[in-house]
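Before any comments, here is the structure.
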Amino acid sequence: MQTPATPDPNAGPLYIGLSRFARLWSVQRGRLVSARLEGALGRAIRCESTTGEIVEFCLRREQLDFESEGSPRTPHATIRMNPKDWSRVFTGELHVMAIILAGRAPFPKDQRRLLMQFSMLLQTTMLSGTAGNE
Amino acid sequence: MSSAAPRPTVSGDATAQPSPAVTEAYARFALELTFEDIPADVVEIAREQILATIGSCYAGSKMPSAARIAAGLRILGAGETATLLGAPGRMPAPSAALYNSAVAQIIEWDDWVIISHTGAAVVPTVLAVGEMVGAPGRDIVTAVVIGNEINGRTSRAIQKGAYVGNSMPNHQIETPLLASRLLGLNVTQARRAVSHSGFLAMESCPIGWMSDSKVFCNGLPAMWGIVAASLAKEGLVGNLDMIEHPAGLLSTVSEVVDQAELLKDLGREWYTRTLNTKRHPSCAYNLAAIECAIAVKARIPDFDPLRVSKLEIEGPGVMLYVASRFQALEPDVYEQVRQEAITHVALCFDAGYGIMASLVDGELGFRQYLNDRIFSDEVRHLRSRIEFRADPVMHAAYYADYQYGARVRVTMDDGRVYVEERRQLLGARDRPFDHAIKFREGASGLLDPKTIEEAIGALRSLERCEDVRHVTRILET
């Protein structure tokens, strides 16, 4: 599933936040990806809110592809946080790793590098965003 | 010098590429490189690196936790072998190397080549063993270059697959090799020393980067490298291919090992030339912004931090990432420092703190990492005024050519706005500064002014010294 032009009106805050990330990511056209961060590309990432909302996607160099519901693919990494932390991550004030280091999100050994790489790309993208380039 | 030929892998996979005998090649490089093999400009960089690193050790020794480390290390025994830089007394070489390596990093004032911190591990190892054996100055300088060359290559090999930073486990490779050279081991013994040093791969726990655990444990490769070489010299048998083996050190700490980087142009291209030092103590990603803050303060004679209405920071994404690493803590990072649940170490990675303290004092040194400044009204006020934004151009410049840029904009409550921008940090290989400044700042209050200048002179002509102990005697406090 490609990046939606407008979020589903019935979508939850996680989907809305990630949709904004997807739009800003597309604007950057891969400029934020370096050799050290490109390990985050092409991987299935599952984001979960403690409210039960789940969104899965795959980050590609120039766009973010949301996965359909019920995708059979096993995600390469799962990020599970409470809505308050997701909200601060979507403003760019914090990144996912900050929540992990605060002890409020899991950090499985086999997902660490992907979580660190995606964490940096997500925050940089959100802090690169202004009304003008959305 | 000789280079090692490729040999078959031990995997038994018929399609596997031959694995170069990296451990053997590094051992030969470490034992056989001569002072005359090294270009003059590389020698000069290494001399300056030694000067700057000792300055960092002195400054770090003024932090409260330094005295705790020195006291705690006494359990390993007393000795008269090696100098503690900035602390009274001497210790056995492994303990002194550990202390000096720890204080070199205690306020994040250490250097790096390519992407890996080096001087804080290499210089203390070389000085401690050098004192132990009475090595000539040119051997000290040569060993420091060897350490940089090996460290730069191992860091390149694992940069896509390991958690990097100054806790990088690649120090477990260069430190035993440096000790092997100075202790007079042969090639087989040096390879075994790497095995003893690297068997337990020292990966850091990210949460420890908030406390003195990081400071102390980052010094362990210096100590353990010396012990490992001593064990190998006595005949203790270790694996001969610990670096390159598919189940060896690098593959254990990194999901990706780029074998081609390990021996690339070794002895021909000098990675020491990529050395970056720091003018101010903080994580490298913060330094351009810190310099901007100091410049803003200097421009405003009547500057009152309490009248700042907005403090805006722009830079590469990696700076923002580091800056907010500990910002989700509950209670917050400042309260946890107050409670001694963590220490100032967390603030060394906090761009916001370094910038705010620099703006308040017009400088950043060890004093800004003491509680008086951390909990000051001025910093408390600025904490509520600071904002960060990513600058995509600076972000790209960092990844394209390691340009550590930043822009700081200070808005006062009367509407005045001051902006400073730096495209590269002071101390980068393409923006050097006089390392005597760093040495003087560190040694101030520990050595008298005349001795400080004598020490700078001795370190800047180190290769002419017949026994490094003649120089380290000047460095004793």
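Each value in this text was obtained by applying a stated rule to the coordinates, not by laboratory testing. Model, not experiment: these values are computed from the prediction. Every residue, glycine as well, gets a Cβ built from its backbone with ideal geometry; the counts of neighbours run over all protein chains shown.
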Convex hull projection area averaged over all views, chain B, Cα basis, nm²
22.3 nm²
Each label sits 7 Å from Cα toward the beta-carbon; between B:Val237 and B:Ala260 the label points are separated, in nm, by 3.7 nm
Report, by chain and number, residues whose modeled amide H sits under 5 Å from the one on B:Phe388, excluding near sequence neighbours (fewer than 5 apart, same chain).
B:Ile313
0 to 90° range, to nearest 10: angle between helix B:351-361 axis and chain B longest Cα axis
60 degrees
What order do you get for B:422-429, B:448-455 when each peptide is scored by the mean count of other beta carbon atoms within 10 Å, highest first?
B:422-429, B:448-455
For the protein assembly as shown, using Cα atoms only, the Rg and Dmax in Å read 24.6, 78
Exercise: per-residue mean of other protein chain Cβ atoms within 10 Å, B:321-333:
6
Note, ³J(HN,Hα) from phi for segment B:253-270, Karplus 6.51, -1.76, 1.60, rounded to Hz, x at Gly and Pro:
9, 9, 5, 10, 10, 8, 4, 5, 6, 5, 10, 4, 6, 4, x, 10, 9, 9
Where does helix B:287-299 land angle-wise versus the long Cα axis of chain B, in degrees 0 to 90, nearest 10?
40 degrees
For segment A:13-129, with equal point scatterers placed on the C-alpha atoms only and solvent neglected, what are the log10 I(q)/I(0) values from the Debye formula at q = 0.09 1/Å, to two decimals?
-0.20
Which residue fluctuates the most in chain A, going by a Gaussian network model with Cα springs under 10 Å, if the choices are A:Arg43, A:Arg61, A:Arg31?
A:Arg31
For a label point 7 angstrom out from the Cα of A:Arg29 toward its Cβ, which stretches of segment B:383-397 have the backbone nitrogen within less than 13 Å?
none
Pull out the extension gain between B:Arg429 and B:Lys310, defined as 0.36 nm times the separation in residues minus the alpha carbon to alpha carbon distance; nm, one decimal.
39.6 nm
Taking only C-alpha positions in segment B:284-422, Rg and Dmax in angstrom work out to 14.4, 41
Give the lysines whose C-alpha is closer than 30 Å to that of B:Lys264, dropping any in the same chain fewer than 8 places away, or say none.
B:Lys160, B:Lys233, B:Lys278
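May I ask you to order B:170-178, B:30-38 by the average number of other C-beta atoms within 10 Å around their residues, highest value first?
B:170-178, B:30-38
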Inside 10 Å of the C-beta atoms of A:98-110, what's the mean count of C-beta atoms belonging to other chains?
3
Where the centroid of each part is defined by its Cα atoms, how far is segment B:338-395 from segment B:415-448 in Å?
17 Å
By the gyration tensor of its Cα atoms, with a ≥ b ≥ c the square roots of the eigenvalues, what is the shape of segment B:104-151: rounded for a/c under 1.5, prolate for a/b over b/c, or oblate?
oblate
Rank-order B:40-53, B:298-311 by packing density, defined as the average count of other C-beta atoms within 10 Å over each peptide's residues, highest first.
B:40-53, B:298-311
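What does the structure give for B:399-408 when I average, per residue, the other chain Cβ atoms found within 10 Å of the residue Cβ? Can you show the working numbers first?
Working: counts 7, 1, 0, 0, 0, 0, 0, 0, 0, 0.
Per residue, the number of nearby Cβ atoms from other chains is 1 on average.
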Amide H within-cut-off set for B:Ala21, under 5 Å, with H built and near neighbours excluded:
B:Arg7
Expressed in angstrom and rounded, the centroid-to-centroid distance over alpha carbons for segment B:169-225 and segment B:95-126 is 12 Å
Residue-averaged 222 nm ellipticity for the protein assembly as shown, from DSSP H runs of 4+ at -39500 (n - 2.57), nearest 500
-14000 deg cm²/dmol
